Protein chains: 4
Amino acid sequence: MSKTAVIIIDMINTYDHPDADRLVPSVAKAIPALSRLLERARAAGAPVIYVNDNFGEWRSHHGELLDKALAGPHADLVEPLRPDDTSLFVVKARHSIFYETPLTYLLAQEGIDHVVLCGQVTEQCVLYSALDAHIRHLQVTVPEDAVAHIHADLADAALRMMRRNMDANICKAADVTF
Amino acid sequence: MSKTAVIIIDMINTYDHPDADRLVPSVAKAIPALSRLLERARAAGAPVIYVNDNFGEWRSHHGELLDKALAGPHADLVEPLRPDDTSLFVVKARHSIFYETPLTYLLAQEGIDHVVLCGQVTEQCVLYSALDAHIRHLQVTVPEDAVAHIHADLADAALRMMRRNMDANICKAADVTF
Amino acid sequence: MSKTAVIIIDMINTYDHPDADRLVPSVAKAIPALSRLLERARAAGAPVIYVNDNFGEWRSHHGELLDKALAGPHADLVEPLRPDDTSLFVVKARHSIFYETPLTYLLAQEGIDHVVLCGQVTEQCVLYSALDAHIRHLQVTVPEDAVAHIHADLADAALRMMRRNMDANICKAADVTF
Amino acid sequence: MSKTAVIIIDMINTYDHPDADRLVPSVAKAIPALSRLLERARAAGAPVIYVNDNFGEWRSHHGELLDKALAGPHADLVEPLRPDDTSLFVVKARHSIFYETPLTYLLAQEGIDHVVLCGQVTEQCVLYSALDAHIRHLQVTVPEDAVAHIHADLADAALRMMRRNMDANICKAADVTF
């Protein structure tokens, strides 16, 4: 029996970094599918894990990251994905959701062997996290309408790499089952 | 030039676990030396890093862990060590402060090559963390009056192991310089 | 169903390091129980994994380490524990058998969840490896007559730490079953 | 002062895996530039590190992997890159050269902060290793004529990802200086 978790990557965000201009429209487009997926996961009782960069803020916790993002000019991209009382959190310092984080341990403790990777950026953190999940023998699904990119051509190549070389299931968010 | 950080291990605590009865008196005894060391570190501008177990609470952040500890029956053991606005935080899931945490990365980023390990438990997390620091070629100091134990005989052996086999400097808290 | 592997730590050794004088008699005493355990593991088809320091020799492989040890003055301590065609090998660079080695991966791939730690040094690599196994939720057995020490008092404390704080089964080699 | 190492990925190979048909011509094309780079690195005294898959052979060492590759039908792709007495070796079990290997430790011990990634496969292990080097704050160079691919379109995207998102220097092998 496989146990599935939805992983929401770097969506608690103030969007004030370089490349944000290119990223924001893609995020806006991914929000509807992602928020519906989130709703279905919660209804099914599937774990939802927010893995988010701490932006070098070793003093902050995820509550503060969320407050800051919700107070910023792009609150509309954060509000629909607000964590609830059942959400789990892992803070990361670098690109991959696994690098120097307790995620491997958390997944093993919860018996999760299938991760649905959502969020941003398709050709960066999502790609890197898919690799690190595959290398750990986890099953990977990437709903292509629930991830956001900066460069469309690299995102397209990233999805092909994940499908071909990381055994990832590339699908629509509506096709993910719990 | 060496750069020193004070690391406070597992002191944000509700003390409701097994062995707490044996541990609490030792913690009470370590608090004065530890709080003076903390004060001196802050005055000197040395980084103070709280590394704390999350007690399996993947929903909580360090602010919540602190609130819970300060609301408990042993608030007097937590209050004198309260983090301030300059404190850094790393949450751990298992015994060693390095296991599946971003601490190695944080120390490298901050240029810290010398760690002063304080807190609890001498013969458990402090010993394990000293080993993991030594294995990473960090210089280790353990102020023996600022660590707390459950079993005095094992704590004594742990201090001897750290001195002999992990090149740790075992000293009094007052002898740590910044 | 638990699957057990025997792990032989640092026994491919030239014994030309500091403390060798204190270590050699303890190794000599552990050899009979250890070689009988090795024989029984092989007869039962249980995996035997040699995890050995590379002594900073990033050019050497385990065949060369073995040749060098067998050509040295303490070949008698190495000969009875000679690997055979079914032996597995992991080379380590630092104290713990898990630190920056593929051992976690190898054990998971082989479905091994119980490790019998043998070899040297009880109060150093054996202790550290027991901790790193316990932290990874592996079951740990340490046959006290098949491990060797430098300092008897620290070895005794190490065995008590492993039993009390790492849930290790401390027993005689003859009591290990496969 | 930067210190540079050449890293030769997965070139000790029997080429009997799926996709070998697509890979072999690209490897053949990369050999001349790669063997000249290797020669120049040796002449300059720069460390050359062979990082190679063990193909699940936990019994083998790199000497045996080499013998097997040199006895196979594609010995001509291995012979020009033969290790010499100054070569260093790291064995890996999975795609990235850093995953569960001692490479991070070896590079730190040798003071190497710049890696020149050569070998195969551009859009797989080379890409993944570039990411894992970048995430560790190592400087990365990839000589595009000294790496080999299976799928040309993905290799091209991989090189663009490395340049844009991993700060990698993509150049010709002849432009690498020691």
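Based on the Kirkwood radius over alpha-carbon pairs, what is the Stokes-Einstein translational diffusion coefficient of segment C:1-96 at 25 °C with 0.890 mPa s viscosity, in µm²/s? Rounded to a whole number, D works out at 175 µm²/s.
The listed peptides D:53-59, C:5-11, ordered by packing as a protection proxy, come out as C:5-11, D:53-59 (highest mean of other Cβ atoms within 10 Å first). Inter-chain neighbour count for A:135-142: the average number of beta-carbon atoms from partner chains within 10 Å of each residue's beta-carbon is 2. For segment D:22-178, the average shadow cast by the Cα convex hull is 8.8 nm², which is a quarter of the hull's surface. Size estimate for segment C:119-166 follows the Kirkwood approach: the inverse of mean 1/r over distinct Cα pairs works out to 10.4 Å.
Taking Cβ atoms as reference points and 9 Å as the exclusive limit, the residues near D:VAL51 contribute a net charge of -1, counting Lys and Arg as +1 and Asp and Glu as -1. Per-residue mean of foreign Cβ neighbours for C:90-96 is 4 (Cβ atoms of other chains, 10 Å radius).
Between C:PHE178 and A:LYS29, the C-beta separation translates, for a Förster distance of 41 Å, into a calculated FRET efficiency of about 0.10.
Applied to segment B:84-100, the Karplus parametrisation 6.51 cos²θ - 1.76 cosθ + 1.60 on θ = phi - 60° returns per-residue 3J(HN,Hα) values of 10, 5, 9, 5, 9, 10, 9, 9, 10, 10, 10, 5, 6, 5, 9, 5, 6 Hz, with x for Gly and Pro.
Cα gyration tensor of segment C:46-114, axes a ≥ b ≥ c as square roots of the eigenvalues: rounded (a/c below 1.5), prolate (a/b > b/c) or oblate? Please list the in-between numbers first.
Values: a/c = 2.35, a/b = 1.44, b/c = 1.63.
It is oblate, given that a/c is not under 1.5 and a/b is not larger than b/c.
Of the DSSP H helices in chain B, those that are both long (alpha-carbon extent of 15 Å or more along the helix axis) and hydrophobic (Kyte-Doolittle mean at least 0.0) are B:20-44.
For A:ARG22 paired with D:ARG163, estimate the spin-label separation in nm (one decimal), with each label point 7 Å from Cα along the Cα-to-Cβ line. Computed distance between label sites A:ARG22 and D:ARG163 equals 1.3 nm. Start at zero, step by 5 Å, and the Cα-Cα distances of segment D:71-150 spread as 3, 13, 21, 25, 23, 10, 4, 1 percent across the bins.
My understanding is that a pair violates if its Cα-Cα distance is over 18 Å; which of C:LYS92/D:LYS92; D:LYS29/D:LYS172; B:LYS92/C:LYS92 do that in this structure? Beyond 18 Å between Cα atoms: B:LYS92/C:LYS92.
Counting, for every residue in C:147-156, the Cβ atoms of other protein chains within 10 Å of its Cβ and taking the mean gives 2. The ellipsoid equivalent to the alpha-carbon distribution of the protein assembly as shown has semi-axes of 38, 37, 24 angstrom, derived from the gyration tensor eigenvalues as √(5λ) and listed largest first.
None of the figures in this text is laboratory data; all of them are computed from the coordinates on show. Here the structure is a predicted model, which means the values were calculated and not measured. For neighbour counting, all protein chains shown are included, and Cβ atoms are generated from backbone atoms with ideal geometry for every residue, glycine included.
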